[in-house]
Amino acid sequence: MSLYTKLVSKFLFPLHEQLKGHDTVAIRKEMEQSQWWDREQINNFQLARLKKLMTHVYQHVPYYRNVMDERQLKPTDISTLEDLQRLPFLTKPLIKQHTDELKSDTHPQLQRFNTGGSTGEPLIFYIGKERVTHDVAAKWRATRWWGVDIGDPEIVVWGSPVELGAQDRVRELRDKLLRTELIPAFEMSDDNLSRFVERIRQTRPTMLFGYPSSLSLIARHARKQGIAMDDLGIKVAFVTSERLYDEQKNDIESIFGCPTANGYGGRDAGFIAHQCPSGSMHITAEDIIVELIDSNGDVVPHGVPGEVVITHLATGEFPFIRYRTGDVAVLDDAICECGRGLPLLKEIQGRTTDFIVAQNGTVMHGLALIYILRDIPTIQEFQIVQESLDQITIKLVVSDEYKETDTQKIVEGFQARLGEKVEVSIKKVDKIVAEKSGKFRYVKSNLKLT
């Protein structure tokens, strides 16, 4: 660790978090102790936090007080982790319907977030300081597993307007001090890819962070141009927000000359799991209880695929209790050879977004189009299919309030991204049909990237 990295990780970043009212450093240190606990200790810790959370939401969150009263449940009735199953699932439609009732009446400082992500369902929700603190601490802990730390030079390849639109002077100064540089993942034209490759070579980052599809595309472009990227001293590439495919993993690792570290989670669900150097996906069990359920809503055993349902134990201010993510995964009851007692995800089957190609040949991340749809409240679900460079089809499940002006907004937004002459065909459907495999794909392209 360089002297500057030590300065950042031990002084500047802790000061930054303290000024924001976050106990991030203390929580990260606690997590670095608890990660070595055995499963019984972890389960007991989860249960203690769950009991505390249930007491809080019953007293201070109107939605859960009503839910528990309807089921004649008291906080003291939750005496085992299995008792969590006595509570109903939380879904995106329920959050949209009961947003205000899900806020704690303790009047916490809440940040508004919205996400459409890979589910195709626009969602507005709120996060309090406790949740932010715990998520940052969990990510920080996982970063340190790989021998890197906050303050090491980092290139972030990302596409969310939240990040890309927040580059004000304070943010720019903070990122500069932390040695983090953000480059956009939306438009992947050859010119932009060449600039990204050159920027990475100039920066010589210790770590990369971004979508696996974006990082692999940059890597392949460098290889195509005959530019070496494995001599920069990159120690690890953190990938998240999409399923990591073997071909992407091989491209990133061979071209950048570093291992990949897969991360799984989201703005809504939180930091669920991260891969350790031994290859296992460790669940952030101190903060998150993971259940997997079948199509009937019943919990499935380890080794059987099921929908991921999470209870985030640091969300008393806006609770996520038995929240259905829409992702499909498999739990593992093995113990990782790294020695950490944190439970494992054996496989993550859900989560993928394709690239879309504009008429001028610009390749962009599918999220560039998802963000056009996600904030239109009358859209309940969607699927984007690129038929050709000149035609794109959007399947929509809409509410009764859907208006012609919504159609106009979509067409204009897509044509602004893809080209004025692109034919945007909108089809209203009753349901978005899953693939034969049972997986949902919300962005599909019939074009092949070269």
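We did not get these values from a lab; they are worked out from the coordinates using the rules stated. For clarity, every value in this text was computed on a predicted model and none was experimentally measured. Virtual Cβ from ideal backbone geometry, glycine too; neighbours counted across all protein chains shown.
Here are some notes:
- ³J(HN,Hα) computed for each position of the range 221-236 - Karplus, 6.51 cos²θ - 1.76 cosθ + 1.60, integer Hz, glycine/proline x: 5, 4, 5, 4, 8, x, 9, 6, 10, 9, 10, 9, x, 5, 8, 6
- Relative contact order, whole percent, for the chain stands at 16, derived from Cα pairs under 8 Å and 6 or more residues apart.
- Karplus (6.51, -1.76, 1.60) ³J(HN,Hα), θ = phi - 60°, over the range 81-98, in Hz, Gly and Pro reported as x: 5, 5, 5, 4, 5, 7, 8, x, 6, 9, 10, 4, x, 5, 5, 5, 6, 10
- Sparse-neighbourhood loop sites, trypsin sites (Lys or Arg not before Pro) in the range 320-407 - DSSP loop, at most 11 other Cβ within 10 angstrom: LYS403
- Relative contact order of the range 179-277, pairs being alpha-carbon contacts under 8 Å that are 6 or more residues apart, as %: 24
- Other-chain or far-sequence residues with amide H under 5 Å of TRP158's (modelled H): ILE183, ALA185
- Loop sites in the range 24-108: trypsin sites (Lys or Arg not before Pro), DSSP, at most 14 other Cβ within 10 Å: ARG71
- For ILE426, the residues whose amide H sits under 5 Å from its own are ILE394, ignoring neighbours fewer than 5 places away on the same chain, with H placed 1.01 Å from N.
- Along the range 135-147 the Karplus relation, 6.51 cos²θ - 1.76 cosθ + 1.60 evaluated at θ = phi - 60°, assigns HN-Hα couplings of 5, 5, 5, 5, 5, 4, 4, 5, 4, 5, 4, 9, x Hz to successive residues, with x for each Gly and Pro.
- Base-10 log of normalised Debye intensity for the chain (one unit scatterer per alpha-carbon) at q = 0.08, 0.11, 0.12 Å⁻¹: -0.47, -0.94, -1.13
- With K and R counted +1 and D and E -1, the other residues having a Cβ less than 11 Å from that of ARG220 yield a net charge of 0.
- For the range 27-142: rounded, prolate or oblate by the Cα gyration tensor [a/c cutoff 1.5]: oblate
- Taking a ≥ b ≥ c as the square roots of the eigenvalues of the alpha carbon gyration tensor, the range 266-393 is prolate, as a/c is not under 1.5 and a/b beats b/c.
- Interchain or long-range residues, amide H under 5 Å from ASP327's placed H: VAL308
- Sparse-neighbourhood loop sites, GluC sites (Glu not before Pro) in the range 242-281 - DSSP loop, at most 11 other Cβ within 10 angstrom: none
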